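Colleague: Here's a structure for you.
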Amino acid sequence: MSQPVGIPQGLPMERNAGPFDPPREITGLRAARPVSPMAFPDGHQGWLVTGYDAVRTLLADTRFSSRQDLGIIHVPFETPGMPVQTEPSPQTPGLFISMDPPDHTRLRRKLTGAFTVKRMKQLEEQIIEIVEGQLAAMTELAPPVDLVKEFALPVPSLVICALLGVPYADRENFQANSTKFLEKDVKLEEKMAAYGAMTTYLAELVMGKRAEPGEDLLSDLARDEDLSIEELVGMAFLLLLAGHETTANMLSLGTFALLEHPDQLAELRADRELFPDAVEELMRYLSVVDVNYRYATEDLELGGETIPKGSTVVVSMLAADHDSGRFEDADTLDIHRKARGHLAFGHGVHQCLGQQLARIEMRAGFEGLLRRFPTLALAVPAGEVRLKTDMNIYGVHELPVTWTETAQ
């Protein structure tokens with residue numbers, strides 16, 4: 001029997017427990033009722049899922065649909081300038097993250113060969129070269145510098161541009177538009193203008209690759225006559241956005257977390273064998289894609305609760321990954337933890353396609369950064385670091401760092 005708990009009015013978003021922990025209200029809900037009703041600002045009653053077991057079960061059940069064209073995705077927090085959606089969104093061609101099987105299966109299958117563990121391992125040497133190049137450029141700068149601008153954002157941007165065949169010279173354009181698209185506190189017209197600018201750019205790019213394909217992933221897709229230009233654009237948008245935003249935030253926020261845990265930072269510097277487990281633990285601990293949405297296509301049972309057909313379900317990945325029922329002392333960063341099974345990459349049919357690429361980038365990035373800058377430190381008090389509570393992928397806006405010496 002669930003303990004009585006008040007129905008939350010919207011999703012608590014304020015990081016009042018610290019920059020790396022779920023909001024206290026979320027933690028309280030998880031303990032009291034891990035599948036709980038919640039009231040949306042427009043009056044719709046949906047559901048909030050915070051417990052690890054319930055989140056994992058939900059993500060594996062495709063009856064909890066990812067399709068935004070089936071029902072209304074109700075904005076779960078009061079945000080100035082963010083309109084509440086009152087009707088279904090049309091399905092975007094190629095954007096398979098918001099599709100269900102069999103449409104999702106058809107498009108994702110086009111990419112599985114490109115993201116195998118073997119293919120990603122073959123890219124590892126190139127990724128290390130990119131990391132080392134950015135670190136070498138950083139050593140030429142006089143500290144303090146913004147780690148986001150000089151390292152965390154360029155590394156995954158260079159990697160995904162090389163993989164997809166997107167000119168890196170165009171990065172300022174697509175980075176600015178992707179940032180605007182991911183902002184919460186922005187008018188719908190501005191968000192759609194940013195999306196339109198990105199898709200117009202990508203349409204020109206993929207049409208060029210269909211006419212004259214090269215040796216890159218978008219060219220491989222463009223050769224497939226089964227894919228329409230609209231589908232190619234949608235897939236390119238998703239790959240470009242997800243391919244640099246998530247890893248960039250992990251590199252910067254992960255560095256912030258390590259600098260705030262100096263004992264564990266010292267252990268990592270002393271033993272490079274710890275990096276694989278440390279990356280998994282940072283993924284779990286930070287869960288930068290902290291919220292997901294699903295739509296109940298029929299009456300469904302989850303965690304002892306009945307979710308009525310038509311309900312919008314908000315999934316807190318961060319709360320699930322901080323569930324001490326699954327991970328002992330879950331609010332503690334522990335680089336020795338075997339954090340396999342975390343949900344930072346999702347679960348089920350929508351589990352992150354590029355997770356092996358992200359792991360290689362993070363291992364190379366953290367290892368290179370800590371080796372090259374043995375005295376790396378925050379250049380401002382931790383409380384002054386600007387957190388991305390205003391964005392749909394969590395992280396830091398800037399991370400001012402300094403150092404007194406560099407290793408050769």
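Colleague: Quick one: which of 343-349, 267-273, 290-296 comes out on top by average Cβ neighbours within 10 Å, and what's the full order, highest first?
Modeller: Taking the mean over residues of other Cβ atoms within 10 Å, the ranking is 290-296, 343-349, 267-273.
Colleague: Over the stretch 343-408, what is the relative contact order in percent, taking alpha-carbon pairs closer than 8 angstrom and at least six residues apart?
Modeller: 30 percent
Colleague: Taking a ≥ b ≥ c as the square roots of the eigenvalues of the Cα gyration tensor of the stretch 139-233, is the shape rounded (a/c under 1.5), prolate (a/b larger than b/c) or oblate?
Modeller: Judged from the Cα gyration tensor, the stretch 139-233 comes out oblate (a/c at least 1.5, b/c at or above a/b).
Colleague: Less than 11 Å Cβ to Cβ from Lys309, Lys/Arg counted +1 and Asp/Glu -1: what total charge do the surrounding residues give?
Modeller: Charge balance in the 11 Å sphere: -1.
Colleague: I would also like to ask the following. What do the square roots of 5 times the Cα gyration tensor eigenvalues come to for the stretch 131-183, in whole Å, largest first, as semi-axes of the equivalent ellipsoid?
Modeller: Semi-axes, largest first: 21, 15, 8 Å.
Colleague: With a 1.4 Å probe and all protein chains left in place, how much accessible area per residue does the chain have, in Å²?
Modeller: About 43 Å² of surface per residue is accessible.
Colleague: When the dipole is taken about the Cα centre of the chain, and only Lys, Arg (+1) and Asp, Glu (-1) are charged at their Cβ, what size is it in debye, to the nearest 20?
Modeller: It works out to roughly 540 debye.
Colleague: Only Cα pairs under 8 Å and at least 6 apart count here; give the relative contact order of the stretch 274-340 as a rounded whole percent.
Modeller: Taking the mean separation of contacting Cα pairs over the length of the stretch 274-340, I get 45 percent.
Colleague: Is there a quick way to get the dipole size of the stretch 259-408? I mean about its Cα centre, with the Cβ of Lys and Arg at +1 and of Asp and Glu at -1; what is the value in debye to the nearest 20?
Modeller: I would put it at about 520 debye.
Colleague: What number, rounded to the nearest 500 deg cm²/dmol, is the helix-based mean residue ellipticity at 222 nm of the chain, given -39500 (n - 2.57) per DSSP H run of at least four residues and division by all its residues?
Modeller: Rounded to the nearest 500, it is -14000 deg cm²/dmol.
Colleague: With θ set to phi - 60°, apply the Karplus curve 6.51 cos²θ - 1.76 cosθ + 1.60 along the stretch 307-323 and write out the HN-Hα couplings as whole Hz, x wherever there is a Gly or Pro.
Modeller: For the stretch 307-323, the Karplus-derived couplings read 9, x, 3, x, 7, 7, 10, 9, 10, 9, 5, 4, 4, 5, 6, 10, 8 Hz, x marking Gly and Pro.
Colleague: Output the relative contact order of the chain, whole-number percent, from Cα pairs under 8 angstrom with separation of 6+ residues.
Modeller: For the chain, the relative contact order is 23 percent.
Colleague: Placing +1 at every Lys and Arg Cβ and -1 at every Asp and Glu Cβ, with all other atoms neutral, what dipole size does the stretch 155-290 have around its Cα centre, in debye to the nearest 20?
Modeller: 360 debye
Colleague: Hey, if you put +1 on the Cβ of every Lys and Arg and -1 on every Asp and Glu Cβ in the chain, which of His261, Leu182, Val49 ends up farthest toward the positive end of that dipole?
Modeller: Comparing the listed Cα positions along the dipole, Val49 ranks first.
Colleague: If one computes the Cα centroid of the stretch 335-353 and of the stretch 237-259, what distance in Å separates the two points?
Modeller: Value for the Cα centre distance between the two parts: 15 Å.
Colleague: For the chain, what are the DSSP H helices with axial Cα length of 24 Å or more and mean Kyte-Doolittle hydropathy of at least 0.5?
Modeller: What comes out of the filter, once short or polar helices are dropped, is 229-259.
Colleague: Once you have a ≥ b ≥ c as the square roots of the Cα gyration tensor eigenvalues for the stretch 284-384, tell me rounded if a/c is under 1.5, and otherwise prolate or oblate according to whether a/b is larger than b/c.
Modeller: Because a/c hits 1.5 or more and a/b exceeds b/c, the stretch 284-384 counts as prolate.
Colleague: Mind jotting down the distance between the C-alpha centroids of the stretch 354-389 and the stretch 128-148, whole Å?
Modeller: 12 Å
Colleague: Another question, then. Which log10 I(q)/I(0) values does the chain give at q = 0.06, 0.09, 0.14 Å⁻¹ under the Debye formula, counting every alpha carbon as one identical point scatterer?
Modeller: -0.24, -0.55, -1.38
Colleague: Tally the DSSP beta bridges in the chain and give the antiparallel ones as a percent, rounded to 5.
Modeller: Of those bridges, close to 85 percent are antiparallel.
The values are calculated or read from the model by the stated rules, or taken from the named source; none is laboratory data. Nothing here was measured: the structure is a model prediction, and the numbers come from that model. Cβ sites come from the backbone with ideal geometry, for glycine too, and all protein chains shown count toward neighbours. Accessible surface is based on the protein model in full, side chains and every heavy atom, while ligands, DNA and RNA are left aside. Shrake-Rupley method; radii C 1.70, N 1.55, O 1.52, S 1.80 Å.
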